[in-house]
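Take a look at the structure below.
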Amino acid sequence: MPIKVVKNLVSKSKYGLKCPNPMKAEYITIHNTANDASAANEISYMKNNSNSTSFHFAVDDKQVIQGIPTNRNAWHTGDGTNGPGNRKSIGVEICYSESGGSRYKAAEKLAIKFVAQLLKERGWSADRVRKHQDWNGKYCPHRILSEGRWNQVKAAIEKELKALGGKTSKSKTSAAKEKTTNSSNKKTSYALPSGIFKVKSPMMRGEKVTQIQKALAALYFYPDKGSKNNGIDGVYGPKTADAIRRFQLMHGLSADGIYGSKTKERIEALLR
Ligand SMILES: [Zn+2]
């Protein structure tokens, strides 16, 4: 039986704050709320406050509540105004993650079923599912991550999707599509250095690192979003390595946080 979604949508007068842009979603992003509020409270708080933070669905142990239409963007992934997390993904918050326990477990179970249902409706396979961390490095969904269960959650979604008769083969990777969408608005040229860059390598400081960081930022994989100059500081430290790792993860490369020829080529292709 399909999961019923209770709608409690943000008022149109708040679209400018909460969901200003039309969206054609390509991903689903999973979050943990990091508090112990019910889905109803989570949505009503989001709807009524005056900050821009927003998300499409909240799921607790009893129900799924929708706060933002899925054809509009929400601000939930911290990757900036034009970041693909914020502009191309549907945000699903799993409630009661602060304390965990049986209520949380039940919420997570319902969320897994619900995400599978969303995938089925769209004809997507489970490779469309992302964790918040993939977009900007934030440690979210914190409980799933700290319990080391992300792969398990993904497998459970895949299993549910299969049970619904959904698509199990890998859907066409979005990398090819991103290439076309990104290429038009990137006229600046980025001179990317050759060689291997990693944390503690002898080349970890200087203009070459800055070049890598600027290119990452142009693709919305900021080394440190929100800090001074978005973390573009010419130092190949853990935050830059993490931005590289996130980039690699989203583009089908081995996610080791090390900048080498393959990563260079892929960044160049996207910025061309
Ligand atoms: Zn999150």
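Every number here is computed from the coordinates shown, using simple stated rules; none is lab data. On a predicted model such as this, the values are computed, not experimentally measured, just so you know.
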Relative contact order (%) - the chain, alpha-carbon pairs under 8 angstrom, separation at least six: 17
Convex hull volume of the range 61-143 per residue (C-alpha atoms, cubic angstrom): 99
For the range 162-168, Karplus couplings with θ = phi - 60° (6.51, -1.76, 1.60), whole Hz, Gly/Pro x: 5, 4, 7, x, x, 6, 10
Alpha-carbon centroid distance for the pair the range 19-62 / the range 109-139, whole angstrom: 14
Taking only Cα atoms of the chain, radius of gyration then Dmax in Å: 19.0, 58
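Helix-only mean residue ellipticity at 222 nm, the chain, DSSP H runs n ≥ 4 weighted -39,500 (n - 2.57), per residue, nearest 500. What is it?
Details: 11 runs with 111 residues, N = 272.
So the calculated ellipticity at 222 nm is -12000 deg cm²/dmol.
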Coordinate range along principal axes, alpha carbons of the range 33-96, Å, largest first: 33, 21, 20
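Relative to the present Cα-Cα distance, how much length would full extension add between LYS159 and SER227 at 0.36 nm per residue of separation?
Numbers: separation 68, 0.36 × 68 = 24.48 nm, distance 3.98 nm.
Stretched out fully, the LYS159 to SER227 stretch lengthens by 20.5 nm.
Please report the antiparallel percentage of DSSP beta bridges with both residues in the chain, rounded to the nearest 5. Let's see the in-between values first.
Details: 6 of 21 bridges.
Bridges in the chain are about 30 percent antiparallel.
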Under-5 Å amide H pairs with LYS131, H placed in peptide plane, nonlocal only: ILE30
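How big, in percent, is the set of alpha carbon pairs in the range 25-167 lying more than 25 Å apart?
Numbers: 1842 of 10153 pairs.
That fraction is 18 percent.
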DSSP beta bridge pairing in the range 5-163, given as percent antiparallel to the nearest 5: 20
